[in-house]
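Worksheet: the structure to be examined is printed underneath.
Any read-out appearing in this document is the output of simple, stated calculations on the displayed coordinates, not a laboratory observation. In this text, all values refer to a predicted model and were calculated from it rather than measured experimentally. Cβ sites come from the backbone with ideal geometry, for glycine too, and all protein chains shown count toward neighbours.
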Amino acid sequence: MTKEIIILSENHKRSLSSTLLVVEQLLYEMKDQMVNTDQKCCYKLTKDIEDSKVEHNLKEIETALLKICSLKERYNTDTKVQSLQRIIDTKKTKIWETLHNSKSRRLKGFGEFPQKAVKEYDNDLDELMAITEKITY
């Protein structure tokens with residue numbers, strides 16, 4: 001049974017498009033966290049959900065993703081097209097900002113930074129900044 005296409009105003013269509021995009025991204029993030037159990041060095045995920053619940057959740061996520069596709073068609077919402085280059089550039093900028101704002105001279109609000117560690121600490125952050133700067137597109 002095909003559902004009738006519903007015509008929304010451009011403002012309503014734009015709002016629904018954004019809503020569906022955000023929900024879809026959040027669902028994919030949840031799915032990825034449940035499926036991808038790779039441990040990282042600064043982030044550890046505790047698997048505190050039973051396998052049966054993970055399987056149940058994955059099925060519900062798939063159902064929700066299918067519903068999003070259905071709603072997208074029904075309300076003729078926009079598809080966001082994103083450049084991978086732009087994503088990489090944005091993330092590199094965020095990495096640079098985060099590392100730059102973590103330099104010893106910027107941490108005064110947390111108390112006096114150990115003077116003998118300043119140079120080594122800042123050099124370590126600079127090295128990480130240089131490495132991430134080599135990511136290309």
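Can you give me the angle between helix 51-74 and the longest principal axis of the chain, using Cα atoms only, in degrees from 0 to 90, rounded to the nearest 10? Value to nearest ten degrees: 60.
Averaged over residues, the count of other Cβ atoms within 10 Å places the peptides 40-50, 122-132 in the sequence 122-132, 40-50, highest first. For the chain, the longest principal axis of the C-alpha atoms and the axis of helix 84-100 are separated by about 40°.
Reported to the nearest whole Å, the Cα centre-to-centre distance from region 85-115 to region 1-38 is 32. Across region 20-30, computed HN-Hα scalar couplings (Karplus, 6.51 cos²θ - 1.76 cosθ + 1.60, θ = phi - 60°) run 5, 4, 5, 4, 4, 4, 5, 5, 5, 5, 4 Hz from first to last residue, x flagging Gly and Pro.
Fully extending the segment from GLN85 to THR19 would add 21.4 nm, taking 0.36 nm per residue of separation and subtracting the current Cα-Cα distance. The peptide list 13-26, 57-70, put in order of mean Cβ contacts within 10 Å with the highest first, becomes 13-26, 57-70.
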